């Protein structure tokens, strides 16, 4: 499932998708409801869904290769985790060959796997592998933005990283603290909490931490 909003397209699991459309609609307005599916996805054959304020139907399958490619493109973008060399062609190869099914799997790639891709070579493969390694140290707000939590764009991600010292602290906070300490809206706070309540999303965060990504925010002032 993908959601247009805050300048990006966000994939969602089925459970989270159903809640989000019921609660906010596609544009963040409470009360909007999804309409019946009208077509099937040309890529994976899953149903396409329409929702209020969304012009185009979107795939309901979070594992759809098209959704995976969009999520990877967002994660790798210069304004997010900034992985030079991650163009559409490379992302399509990584997904098409089954090497990467979500952003966490980028951090398991080997130079030999990259070099073996069509048109690949050792030099280019090592350069991209080093870009992946360097992205482990990106600022926390970029990681939060990269997760594509609905309603959390770059500005909201910066607020969260300023209000809390770690990624774990963001997801451990309740709505009142998210609003008070980070200054985000009630809708954003609810979306963060609901997103993290999904076991698929929690596992993704855990896998990113295990992969060695930076979870400590430099924007959050020290206590006292």
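The values are calculated or read from the model by the stated rules, or taken from the named source; none is laboratory data. Quick caveat, the model's predicted, so the values are computed rather than measured. Here Cβ is always computed from backbone atoms with ideal geometry, including for glycine, and neighbour counts include all displayed protein chains.
Here are the numbers:
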| item | result |
| --- | --- |
| Hey, residue 33 at pLDDT below 85 and more than 26 Å from residue 199 (Cα to Cα) or not | no |
| Filter result for residue 113 (buried (at least 18 other Cβ atoms within 10 Å of the Cβ), modelled with pLDDT of 95 or more and either over 21 Å from residue 222 (Cα atoms) or under 19 Å from the mean Cα position of the chain (by Cα) (or both)) | no |
| Some residue of the range 93-100 being at pLDDT 95 or above, buried (at least 19 other Cβ atoms within 10 Å of the Cβ) and closer than 22 Å to residue 171 by Cβ | no |
| Test: residue in the range 147-156 that is buried (at least 22 other Cβ atoms within 10 Å of the Cβ), within 15 Å of the chain's Cα centre (by Cα), touching a residue at least 12 places away in the same chain (Cβ under 8 Å) and not in a loop (DSSP other than H, G, I, E, B) | yes |
| Residue in the range 69-88 that is nearest to residue 204 (Cα to Cα), counting only those that are touching a residue at least 24 places away in the same chain (Cβ under 8 Å) and surrounded by fewer than 17 Cβ atoms within 10 Å (Cβ to Cβ) | 82 |
| Yes/no for residue 66 being in contact (Cβ under 8 Å) with a residue 40 or more places away in the chain and crowded, with 16+ Cβ neighbours inside 10 Å | no |
